[in-house]
Each structure stands twice: as structure tokens, then as C-alpha cells.
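The values are calculated or read from the model by the stated rules, or taken from the named source; none is laboratory data. Small disclaimer: the values here were computed from a predicted structure and weren't measured. Please note: Cβ atoms are built from the backbone with ideal geometry, for glycine as well, and neighbour counts cover all protein chains shown. Areas reflect the complete protein model, heavy atoms only, side chains present, ligands, DNA and RNA absent. Shrake-Rupley method; radii C 1.70, N 1.55, O 1.52, S 1.80 Å.
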Amino acid sequence: MKPIVSIQNVTKRYPGVIAVDNVSFDIMPNEFFALLGPSGCGKTTLLRMIAGLETGGEGGILIDGQNMAGVAANKRPVNMVFQSYAVFPHMTVRDNVAYGLKVTGTPASEIGPRVEEALQMVQMGPMADRKPDQLSGGQRQRVALARALVKRPKVLLLDEPLSALDAKLREHMQLELARLQQAIGITFIIVTHDQDEALSMADRIAVMEKGQVKQIAGPEELYEKPKSRFVADFIGKINLIDAEVSGAAKSGLNCSAKGLGNVTVPHDGKASGKVSLAVRPEKLDLLAKAPTSKTNISVRGEIRDVAYYGDVSNVFVSCPDGLELQVNVQNDRAVDGLLEKGKSVWLSWHPEDTLVLTQ
Amino acid sequence: MAGKNRSRGPLDYGRSPWLIGFGILVFVLLYAPIVQLIAFSFNDSKRNIVWQGFTTKYYKVAWENASLVEAFTNSIAIAIMCTVVATIIGTATALWLWRFRFPFKAGAEGVMALPIVIPEICMGIAVLVMYSRIGGWMRTFESGPIHWWNELFSIWPLNLAAITAAHIAFSFPFVAVVVRARLAGFNRELEEASKDLGATEWQTFRNVVLPFMMPGVIAGALLAFTLSLDDFVITFFTAGPETNTFPVKVYSLVRRGVSPDINAASTALIVITLVATVLAMRLQAPSKSEG
Amino acid sequence: MENWKENRVVFWVTALPGIFWLTVFFLIPLALIWGMSFGEKTSIVDIEITGTFANYARAFKEVYLLIIWKSIWISAIACALCLAIAYPIAFGICFSPPRWRPLLLLLIILPFWINLLIRTYALIAVFRTRGTLNYFLEWLWNLAFMDKLIGPYEPLELLYNNGAVIVGMVYVFMPFMVLPLYATIERLDRSYLEASLDLGASQWTTFWKVTVPLTMPGIVSGVILVFIPMLGMFLVPDLLGGTNAIMIGNVITDQFKAANDWPFGAALSFLLMYVTFLALALRAFIGSRSRGRVGV
């Protein structure tokens, strides 16, 4: 299949900083693609370069096979939903949605039905004659969506579309955006700093840091098999344990890890020297007594802190050598009386759940 | 974007050659007459068109013109007195309108803004009419108060008081506007925090509110100074036959034509205005970051 | 904001100086000329307030109506030119690098600090018959060998006409127009412009359909801020306009300085005030209609 968007060695420099650093990847048609990263990682710059709102970079951006070099923002087959929505305050909802069609000379007979259709799609039909200052944040966002979709773009760009909404509405809109994307079958590229948003909506996610793409993968792979400390730490919670490779073992590595002593962990590739062992908090078992299993990695420690979240508790355990591990515990009867500060406990997990991170 | 590193973004209007060209043209046209005026004050030619060589003799000519110097001194004296009083009254007014809720407040704000919005000429004739009325009343008392009144107002700089009073009336609302704009950015919780920590009303004002609004007060004072120095119309109507101010004097000279000594005197006034402006900006600058 | 009753001492201490000064040196004088506008001259020095409308009636005679009309159209043209020049300037400053903006703004307003009379005088030196502009034109004329082909350069009469008054007004007031425009354009959220471009509008369409409507409050403020003082302007038409470019401000001045008909002058200046109030009401109306549009 031919990619709908192809980013080829794109670099964008500002005085003193490289916002986007030699980035290359392809986005397939009908994909829901997310650019995820902390603020200042270059994700918004990259999105704006695709839209043509940011110029003066190096490398090539191809949309549907066409090189966008020298193509102005208003001539590109993409549309954007802005972070602030940028719904024109001096026009009604209907005029906002019709704007993009009017200014590009769409026949009037076609504009009316298309605008109505777009408004229906985002359930804003009844509010068509309102001014933006009479709308809530969520409603304004729907208008921004309808305004972009009515143009039937090849790619819809969304810049932090949910960041201005409150938590409840945000969750609702996540679902709705994902449904909408499936229903109309347009490629969505969303920029977000919220990992939950990216994991729950996107088919594929590009994690960015300091202008570089660190990893591109589906949500599950990204969570289960992060390739670097940065990605592992950025997506969800994780325990990172300093370790040193002491030699190869059968289908794995022998390492001497801080607080754990000598452990054997599975690893496909080669590794030597200093590495990090990574294990998700929900993979750890919290036990009152020493574990019986000989294959598991286990360590003894003392509960330092318990953060209670209702369904689960996040328990911080101090282990030998100053190692700090966190573990997620389901708040059921099994842990009754166990989660107390200062209590001596055992932590244990399967070696397969341990990742060896070399970068 | 193919390699063109310096290409303009869609909103990069600041780099549009048309806009830059237009901007430069406007700046040149704006400054050319003033630069010419200053340059020709040093020109060794009475005709004032062709550059004949550098001279400062017209400054000497202007300096030796006693009535011009007197007018100049009067203008500066008026401006300084006006600045002091207008800044105090304007700051008080700003605090009043900023701090209190009271009946007919919108009306009070509107009236306070009147001197800013109405045409200068209306104000000029209004003040003229009032002073002529006062003069009329004084005459009816004959040998009574008119005597000490005349005595009093023959002492410099009190003879300028009538003009100064009118200048204060039209410039203090400007001060109030500037100071109030500054106060609008004040976080009221700072005031509450100060009182919560045990400071009195006056200590709070002295240590918290006043330092915050100081840049606004300085900007307001500068505005009052330049407004007073700039004023021609009100002085033109208020000034009696004996008192002369610089703009009125220049006006009478200009009507007779262009001459280099006016250029010299004007240059002196421009320099004073600009120095005052730059000075006030300097004083204002360090505290800008905290706002 | 606290209720005035909660702290009466501070309330009156801050309120009274302004109220006193404004009443004595502004409101009472205004009331005096307002009263005088309904008065008649009974002798060379005495004026009696008779409640007559004769002064206003006289203002609506053809000769004065023509002058009022002329003041309005001269101010309107000068104001429109100011806007046409100031808008691109304000726009350009808003979109220049942030560290340049204060300097550029200062450079634009600096001439405004300089005495109006001095600036007008500086223009005379440029535009008079033996002035710089004519000198420059003569140099161009000779450069193009027109003196050999057609004859010696005849200096143009650039001063003492309506055009000179308009140029003078634009020169004097343009910087003042930049300020409200800059304030509004600065606050304009750029994503509106980006959204418009993104939706396929050209730069030109974006300017007229998004930028101009969204900065309308600034445009209205600027126009009124500049139009009012232009309308009552006395100095510029007096010095640059000569006898044939007389405006309402000159007529008022004449009534007080030369013609000595104070009641009529008072009536004329109050007409000017009414026009001012009308303009301000218009601004308030437009302002309230467009409130919520900017900055949201």
C-alpha cells in the first residue's frame, strides 16, 4: 500500500535549537496516527510542517505521493483542528463550517448540503446559528472538527485537540474521535502529550524526544516492548534497575543488578556493559513471605509508602543497595493488613517480564 | 521546503519585503522633516535651503533673544509644576477609581475621561472664558482683593499659575488612565497577604501597592510633562499679554516665516522632550519584568 | 473592589483632589461657555445670557455649514489616510521579532512627543515654495535635462491649500493611530489566521475576512481617537492652509481672538462637542456589539 503521508529526513532548525531532527516515517491511508512526546519535543512543529504552517525546513514531505515543497498552506489537501480550536468568533457555527468551502469557490448549491452533513456528523445541527461565544469548549471543538472535515481532506491534523477539555469530557471525546475516524475513513494525525490519549485512540504511535523519533509502534508493543529507557519511562510507570552484563546465558543474559544480585533475564540481541532492567509495576507480586518459585526473580524489602487509588494501590518498596521499586496491588482481600508502612515484604516477578534496555 | 532554509512562513509578515519597504518609507517620511529642522539649525545660511557649513551662531541668536528665552523658561516651569501636581492628583484619582465601588461610578469615570476626549479648542476657550470672568469679578472689587491678587500673580512663576492650572486639568486624567491601567494588573491577593501578615493600611500601600504602580506613575508623569510642553491651543487662549510661553512665541514667529533661530530653539525643546522620554523609559524599564 | 462606605477616609482623600480640580478648571468653564452659547453681546465687553438659540441658528447658515462640512471631509480623508498607513505599520510591528517590537513602537510614537507646533513648522520648511521638496524636484527636473528641453523649473505652490492641510494632519496624527491598532492586532490570536489559510483561503481573503473583522474594535478606536482632534484642529489649517483652507477650529478661534463674538464661538464649540459625543457613543455601541469577539 502506498503511504498517504511520507516524512523523509525532515529537519527544522530554530536559532539555537533543532526542533525536528532528521525524522523519517510513513503514515498509511486510514491510519489513526499519534505523535506523542513531552512538550518541546518537536511534535507540534512536525504537524505544522505537514500543514504548511511552518516552513523553512529541510527534507521532504509527501502527501499522497505529491511533494509539498513550495506548496502553500492553503493549497494543501490537509486540514487542521487547532489546539485553541480557532473557531472564528465573528461568524456563526454554520458560517464557520462553510468558510473553507466558500473561499475555495465551491458552488453555493453544494455548500449548503455539505455543511449540514458535516454539522450532523458532529451533532451540531441544532446549534448552527449560534456564535462561538455561546458554545462550550466541547461544542467549539466539534465545530472545529466539522469545519476541517467538510473540506474532505486527505489527512486530518489534530493539534492537542483534547487538552482544553476537562477530564470527563476528554475521555468521552477520545471515544468519539476514534469512532468518527473509523466511520469516515480519513487518515488522522494527532499530536498529544497525553499517553493515555495516544494509547487508547491511535493505531500507531511515534514517540518523540528532542526532535527525534524514538520509536514507532502500535500501543501494545510500545507498552510491552519499549526500545529505550525514555520510551519505557514516558509510557506508563516502570521500574528501571541499573545492571551490568556479566555474560551470555542460554537464551538470555547474566547480569549483576543493583539490589538484586546476579539474575538471568531473557534477551534476543547482544548487550554488554551497563544496561537497565525494566519491569512494569503490575508485573510484580507483593508477598508476605519468601516466594517458593526458584525461577522467579525476587527481592526482600520494606514498604516505604502506599498511594491509594481505590481499585489499586501503588506501593513503594525500599530494597537493598538503595533500590526503590514500585508495585501495583489490587485492593482485594489478599492484601488485607499487608499494606502498612514499615512492613517487611517480598517482591517477586517472572524473568520474562523483564526487559533489557541498552539505550 | 526543499533546502530553502530562510523561506518565509505563511504568517511571517515581518519578513515581507513589501511591508519592510513600506515601513522604512514611512519612518523616513516621519523623521525627515524633523531631521531637516535640526540639521538646518546648524546651517550657516539665512535662506535655510542649501547646506552652507556648520555653525552654532543661531543658538547664540536664539539665546540672546530675551523674550524667546523667557518664553522657553516659562514653558519649562509650567511643565514641571504641571507634572508634579497632575501626577499627584492623577494617581489619587486612579487609586480612587481602582479601589472603590460607589454609586454613579460609571458617570464619574466618564466625566474624568472628558478632558481626554473633547477637542482641545473647546477646553481652551472654556478656560479663557472662565479667567475673563474671574478678571471681571476682581475688577468689581476695585481696590479690594484685586490688589493682593495682582501682587501675588506678578511674582514669577505664580504669574503662570493660570496656564498651569489649566494644564493640570487636562493632563491629570491622562495620568489617571495610565496609572489605572498599571493597577489593573495588580494581584489583589498581594494586598490581602500584606494585611494578613499584620501590615496597616498605610504600610500596605507604601510597601506593596506603591512599588507596583510606580512604573505607571512615572509613565504618567512623563505624559503630563510632554502634554504640557506640547500644548499650544490652551496656552494660546489662556496666556495674557504679559506671559509668553514657547509655543505661543514660536507661533507668532512662524507666522512671519521660517528662520534658523526658530530651528535652534525648537531643537533645544526637542532635545529636552526626548531626554525626558528616554529618562522616564529608563526609570520604568527595570521593574517591567515583574509586571 | 471595596464599597466606598468601608473606608470613607481613603475614599475622600483619593476622590477629592481630582473632583475639585476637574470641577473648578474644567466643568465650571464648560458650563460657562455652554451658558454663553445661549447669550447675546450687549456691548463690547458685556454678554447677557438670554436663552436665545440665535447663535446655533447662525451656525446652520450656509457659510458655516460649508465650513463644518469641509472640516468633516478634510478630517475624514486625513483619517482614512492615517488608517491606510498605520494599519500596515502596526501589522508589521506585531509580526516583527519580539525583541524589535518595543523599539519600533517607540520610533513610531517618538515624533508624537515632539511639540505639534514644531512638527507643523518642520513641514512648512519642507513644503514652502523655496522649501526642500521643491528644491529636490528642481534637482530631478535638471537631472532629466528638462531645463534644456522645456525651460527652467517652476516651483510648485505646495502650501496653503486643502491638500497641505490633509498632508499635515496625516503627518501629525498618524503615530497616534498606530497605538490602538497595535494593541488590537497584538492580541489577535494567530491561529485564526492559520485556520483560515489551512481552510484554503488566500492571504488576501484571510486579511479581509478574518483579520480586518477581528481587529475592527481597534480600527474604530483609532479612527475616533484621530478624527476628534482633527475635527477641532486649529494649528495645522492655520499654518498650512492659509485663507482658503479654513476649518471649524479657525472659525471658533476667530470668534474669540479677532471677531470678538464669544457667544457664537461658544455655540460653535459646543456643536463640535456634540459631534464628539456622537462619535464616542458610536464607539461604545460598536464596542459593545463586538465584545467577546476579541481574545476569546
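Residues are listed down the side, and each one gets a yes or a no for (1) facing chain C (nearest Cβ under 9 Å); (2) in contact with a Leu (Cβ under 7 Å, 6 or more places away or on another chain):
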residue	(1), (2)
A:Asn79	yes, yes
A:Ser84	yes, no
A:Asp95	no, no
A:Pro107	no, no
A:Glu116	no, no
A:Gln120	no, no
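How many residues does segment A:334-355 contain that are among the basic types (Lys, Arg) and either within 30 Å of A:Leu222 (Cα to Cα) or open to solvent by less than 40 Å² (accessible area, probe 1.4 Å) (or both)?
Qualifying residue count, segment A:334-355: 0.
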Close pairs from segment C:263-282: first farther than 18 Å from C:Ser75 by Cα, partner acidic (Asp, Glu), Cβ under 9 Å, at least 6 apart: C:Pro263/C:Glu40; C:Gly265/C:Asp254
So, first residue farther than 19 Å from A:Gly56 by Cβ in segment A:1-22, second residue of a type in the set (S, T, N, Q) and surrounded by 14 or more Cβ atoms within 10 Å (Cβ to Cβ), Cβ within less than 6 Å, six or more apart or across chains; the pairs are A:Ile4/A:Thr187
Segment B:110-125, residues that are among the hydrophobic types (A, V, I, L, M, F, W, C) and closer than 16 Å to C:Phe256 by Cα: B:Ile121, B:Cys122, B:Met123, B:Ile125
Scan segment B:90-120 for residues that are out of contact with any strand residue (DSSP E or B) (no Cβ under 7 Å at 6 or more places or on another chain) and among the charged types (D, E, K, R) and report the count. 3
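For the subset of segment A:122-136 comprising residues that are more than 14 Å from chain C (Cβ to nearest Cβ) and open to solvent by 10 Å² or more (accessible area, probe 1.4 Å), which member is nearest to C:Ser196 (Cα to Cα)?
Initial filter on segment A:122-136 (more than 14 Å from chain C (Cβ to nearest Cβ)): A:122-129.
Still in the running and open to solvent by 10 Å² or more (accessible area, probe 1.4 Å): A:123, A:125-127, A:129.
Working: A:Gln123: 23, A:Gly125: 22, A:Pro126: 24, A:Met127: 21, A:Asp129: 20 Å.
Among residues in segment A:122-136 that are more than 14 Å from chain C (Cβ to nearest Cβ) and open to solvent by 10 Å² or more (accessible area, probe 1.4 Å), the one nearest to C:Ser196 (Cα to Cα) is A:Asp129.
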Residues of segment A:245-266 being out of contact with any Ser or Thr (no Cβ under 8 Å at 6 or more places or on another chain) and closer than 12 Å to A:Glu352 by Cβ, in sequence order, are A:Ser251, A:Thr264
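Considering only residues of segment A:143-200 that are acidic (Asp, Glu) and open to solvent by less than 20 Å² (accessible area, probe 1.4 Å), which is nearest to A:Asp64 (Cα to Cα)?
Of all residues in segment A:143-200, those acidic (Asp, Glu) come to A:159-160, A:166, A:171, A:176, A:194, A:196-197.
From what is left, the residues that are open to solvent by less than 20 Å² (accessible area, probe 1.4 Å) are A:159-160, A:197.
Details: A:Asp159: 21, A:Glu160: 24, A:Glu197: 27 Å.
Per the criteria, the residue is A:Asp159.
Any residue at all in segment C:100-107 that's within 16 Å of B:Gly23 (Cβ to Cβ) and surrounded by 18 or more Cβ atoms within 10 Å (Cβ to Cβ)? Give the steps one after another, and end with the answer.
Pass one, segment C:100-107, residues within 16 Å of B:Gly23 (Cβ to Cβ): C:100-107.
The next check asks that each one be surrounded by 18 or more Cβ atoms within 10 Å (Cβ to Cβ); those that pass are C:104-105.
Within segment C:100-107, one or more residues are within 16 Å of B:Gly23 (Cβ to Cβ) and surrounded by 18 or more Cβ atoms within 10 Å (Cβ to Cβ).
Output the residue which, of all residues in segment C:186-202 that are polar (S, T, N, Q) and at the interface with another protein chain (Cβ under 7 Å from one of its Cβ atoms), is farthest from A:Leu145 (Cα to Cα). Break it down into steps so the answer makes sense when it comes.
Our first condition is that a residue be polar (S, T, N, Q); within segment C:186-202, this holds for C:191, C:196, C:202.
Pick out the ones that are also at the interface with another protein chain (Cβ under 7 Å from one of its Cβ atoms) and you get C:191, C:202.
Numbers: C:Ser191: 15, C:Ser202: 21 Å.
Result: C:Ser202.
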I'm told B:Ala94 meets every condition in (1) among the aliphatic types (A, V, I, L, M); (2) more than 7 Å from chain C (Cβ to nearest Cβ); (3) surrounded by fewer than 23 Cβ atoms within 10 Å (Cβ to Cβ) except one. Can you identify the failing condition by its number? (3)
Take segment A:137-177 and flag every residue that is more than 14 Å from every other protein chain (Cβ to nearest Cβ), assigned to a helix (DSSP H, G or I) and either modelled with pLDDT of 90 or more or within 26 Å of A:Thr92 (Cβ to Cβ) (or both). A:Gly138, A:Arg142, A:Leu169, A:His172, A:Met173, A:Glu176, A:Leu177
Failed criterion for C:Thr129 (all others in (1) at pLDDT below 80; (2) more than 13 Å from chain B (Cβ to nearest Cβ) hold): (2)
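So in segment B:168-196, with the set limited to residues that are of a type in the set (Gly, Ala, Ser) and under 14 Å from the mean Cα position of the chain (by Cα), which one is nearest to the other protein chains (Cβ to nearest Cβ)?
B:Ala169
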Quick one: what pairs do we get from segment B:17-34, first residue closer than 18 Å to C:Tyr121 by Cα, second part of a helix (DSSP H, G or I), C-beta under 6 Å, 6+ apart or different chains? B:Leu30/C:Pro111; B:Pro33/C:Ala122; B:Pro33/C:Leu123; B:Pro33/C:Val126; B:Ile34/C:Ala122
Segment A:222-237 residues that are hydroxyl-bearing (Ser, Thr, Tyr), paired with ones that are open to solvent by 50 Å² or more (accessible area, probe 1.4 Å) and not in a helix (DSSP H, G or I) (beta carbon under 7 Å, 6 or more apart): A:Ser228/A:Lys214; A:Ser228/A:Gln359
Listed by first then second residue, the pairs whose first member lies in segment C:216-242 and is modelled with pLDDT of 85 or more, whose partner is in a helix (DSSP H, G or I) and acidic (Asp, Glu), with beta carbons under 9 Å and at least 6 positions apart or on separate chains, are C:Pro229/B:Glu120; C:Gly232/B:Glu120; C:Met233/B:Glu120; C:Phe234/B:Glu120
From the options C:Gly51, C:Gly35, residue that is more than 11 Å from every other protein chain (Cβ to nearest Cβ) and either closer than 30 Å to C:Ala259 by Cβ or open to solvent by 50 Å² or more (accessible area, probe 1.4 Å) (or both): C:Gly51
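Here's the yes/no breakdown for (1) crowded, with 20+ Cβ neighbours inside 10 Å; (2) at pLDDT 80 or above:
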site: B:Thr235; (1), (2): yes, yes
site: B:Thr245; (1), (2): yes, yes
site: B:Ser259; (1), (2): no, no
site: B:Thr267; (1), (2): yes, yes
site: B:Val271; (1), (2): no, yes
Looking at (1) closer than 24 Å to A:Ala198 by Cα; (2) part of a helix (DSSP H, G or I), which is the only condition A:Ala19 fails? (2)
So A:Leu145 clears everything in (1) on the phi < 0 side of the Ramachandran plot; (2) within 17 Å of the chain's Cα centre (by Cα) except one condition, right? Which one? (2)
Candidates C:Ala90, C:Ala76, C:Ala86 - the one that is open to solvent by less than 50 Å² (accessible area, probe 1.4 Å), under 25 Å from the mean Cα position of the chain (by Cα) and more than 30 Å from B:Gly185 (Cβ to Cβ): C:Ala76
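Can C:Ile67 be described as under 30 Å from C:Ile166 (Cβ atoms) and surrounded by fewer than 20 Cβ atoms within 10 Å (Cβ to Cβ)? It would help to see each step written out before you state the result.
On the way: under 30 Å from C:Ile166 (Cβ atoms): yes; surrounded by fewer than 20 Cβ atoms within 10 Å (Cβ to Cβ): yes.
Yes; evaluated as a whole, the condition is true for this residue.
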Here, helices (runs of 4 or more DSSP H) confined to segment C:211-289 with at least 2 residues that are closer than 30 Å to C:Ile47 by Cβ and among the β-branched types (Val, Ile, Thr) are C:248-257, C:262-289
One residue is enough: does segment B:61-84 have a residue meeting the conditions open to solvent by less than 60 Å² (accessible area, probe 1.4 Å), at the interface with chain C (Cβ under 7 Å from one of its Cβ atoms) and either more than 27 Å from the chain's Cα centre (by Cα) or among the aliphatic types (A, V, I, L, M) (or both)? no
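Would you confirm, using the coordinates I've provided, whether B:Thr200 is hydroxyl-bearing (Ser, Thr, Tyr), crowded, with 18+ Cβ neighbours inside 10 Å and assigned by TED's automatic domain parsing to the domain that holds B:Ala276? Please lay out each step first, then the result.
Details: hydroxyl-bearing (Ser, Thr, Tyr): yes; crowded, with 18+ Cβ neighbours inside 10 Å: no; assigned by TED's automatic domain parsing to the domain that holds B:Ala276: yes.
Judged against the criteria, B:Thr200 is not a match.
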